[in-house]
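Here's the structure, in structure tokens; my notes come after.
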Amino acid sequence: MLWGVAAALLANLLFSAGFVIEKRALSTLPPLSAGHPWRLVVHLLRSPLWIAGAASLLLGFAAQLAVYRTLPLVAAQGLFVTGLVMLLLLSTLFLGERSSGRERQGMLAILAALLMIVFSLHDSSETISKLAPVPLLLVICLPSLALGLGLFLSAERRSRRRHRLPTAGVPYGVAVGFLYGVSSLAIKGVAGLLDLGDPGGTLVALLTSPYPYLLLFTGTTGLVLSQTALQRCRASLVVPVCTTVNFLYATVSGTVAFAEPLPEEPLRLALRLGGAALAVCVLVMLPRHEPDTEQTTATGTATGTAMGTATDAAQDAAQAPDPDAEPDTAPDAGPKPVPKALPPAGRPLSATLPPARPEDAPERQ
């Protein structure tokens with residue numbers, strides 16, 4: 001059990017580091033499009049930094065094999081979701097992405113889910129399934145792949161509309177999450193077929209099973225879709241959504257396909273399901289759209305201009321002569337210079353000027 005938990009935490013670190021490195025590399029590449037996959041792959045392979053991030057992800061997949069061989073599917077997926085904490089920390093340190101209040105609350109919820117799942121594994125002797133019936137696996141996986149691709153294409157169409165809110169990347173994360181959920185089931189199947197003592201038999205068993213072909217499709221398609229999403233949106237939001245959807249899909253579909261039993265003890269069952277449910281709640285807490293900074297800036301500028309106009313009107317009224325007051329008849333009394341009012345602190349001089357009106361413009365001859 002301890003080896004499985006350690007392998008899961010190592011996989012989380014490798015995945016988080018890989019996504020952050022890839023995001024740094026994508027910021028220096030030209031705009032990518034899922035509609036031109038070959039051009040996208042060529043751009044990626046020309047970036048040494050991106051290749052380093054991809055190597056970190058591959059090592060993370062290798063660590064996943066050890067996790068699926070030693071831990072039940074629900075527990076393994078719950079531990080993988082805790083990698084969101086590492087990702088948010090690394091994206092803040094190395095990408096400068098600021099996390100919102102709800103995202104920080106999600107980090108605390110993920111830590112609580114990690115503790116609940118670890119305690120549910122203590123002194124556990126649960127059965128770990130290795131293979132799933134092929135017809136049942138295909139019935140589950142093929143519609144899920146079609147759904148993921150459809151969601152991504154729908155998000156692409158919405159992104160081309162004018163006057164849309166800036167998306168935070170949730171639709172992209174959900175679409176890629178379905179692909180990676182199928183990939184998780186395929187990795188578990190590969191882990192069940194591995195036999196280090198019989199390499200030849202392992203190779204024949206793999207080639208005659210659907211697992212490597214599902215991995216090949218989800219790996220190539222997920223590469224194109226995930227890199228497009230990472231370049232357009234924050235990694236600290238796309239990856240958590242993808243991970244949470246992956247977790248939810250793999251736990252529900254994997255439990256049905258691989259027929260792994262849940263713990264029979266009430267306390268252990270409550271901790272396992274409670275930790276899984278708490279991890280899913282993170283997806284609900286994440287914002288759906290980025291704040292519209294342009295609209296906020298325009299609103300603030302208009303407000304400042306209006307406040308400046310009102311302040312100037314009040315100052316002019318205070319400086320105007322009182323018609324009821326007696327005139328100053330002193331012989332040496334000359335016109336006194338009126339000091340120009342300074343703009344309020346914190347606002348530029350242009351903010352204190354009244355807005356120009358169309359009737360004030362000079363007429364053209």
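Each of 217, 178 was scored by other Cβ atoms within 10 Å of its Cβ. Arranged with the fewest first, they read 217, 178.
Points 7 angstrom from Cα along the Cβ direction at residue 153 and residue 269: gap in nanometres? If labels sit at residue 153 and residue 269, their model points lie 4.3 nm apart.
Calculated FRET efficiency, residue 256 and residue 102, Cβ-Cβ r, R0 22 Å, to nearest 0.05? Walk me through the numbers on the way to the answer.
Details: r = 31 Å, r/R0 = 1.43.
With R0 = 22 Å, the Cβ-Cβ based efficiency is 0.10.
Here 172, 180 are placed in order of increasing Cβ neighbour count within 10 Å, fewest first, which gives 180, 172. Placing dummy labels 7 Å off each Cα toward the beta-carbon, the span from residue 204 to residue 136 is 2.6 nm. Neighbour counting of Cβ atoms within 10 Å sorts the residues 129, 226, fewest neighbours leading, into 129, 226. Whole-Hz Karplus values for the range 176-191 come out as 5, x, 5, 5, 6, x, 5, 4, 5, 5, 5, 5, 5, x, 5, 4 Hz, taken residue by residue from phi with 6.51 cos²θ - 1.76 cosθ + 1.60 and θ = phi - 60°; glycine and proline positions read x.
For residue 52 and residue 95, what does the FRET efficiency come to when R0 = 22 Å and r is the distance between their Cβ atoms, rounded to the nearest 0.05? The calculated FRET efficiency here is 0.90. Available extension along the chain between residue 216 and residue 45 is 59.8 nm, counting 0.36 nm per residue and deducting the alpha carbon span.
Bear in mind these aren't lab numbers, they're just calculated from the coordinates by the rules spelled out. The structure presented is a predicted model; accordingly, all values stated were derived computationally and were not measured. In this analysis, Cβ positions are derived from the backbone assuming ideal geometry, glycine residues included, and neighbour counts consider all displayed protein chains.
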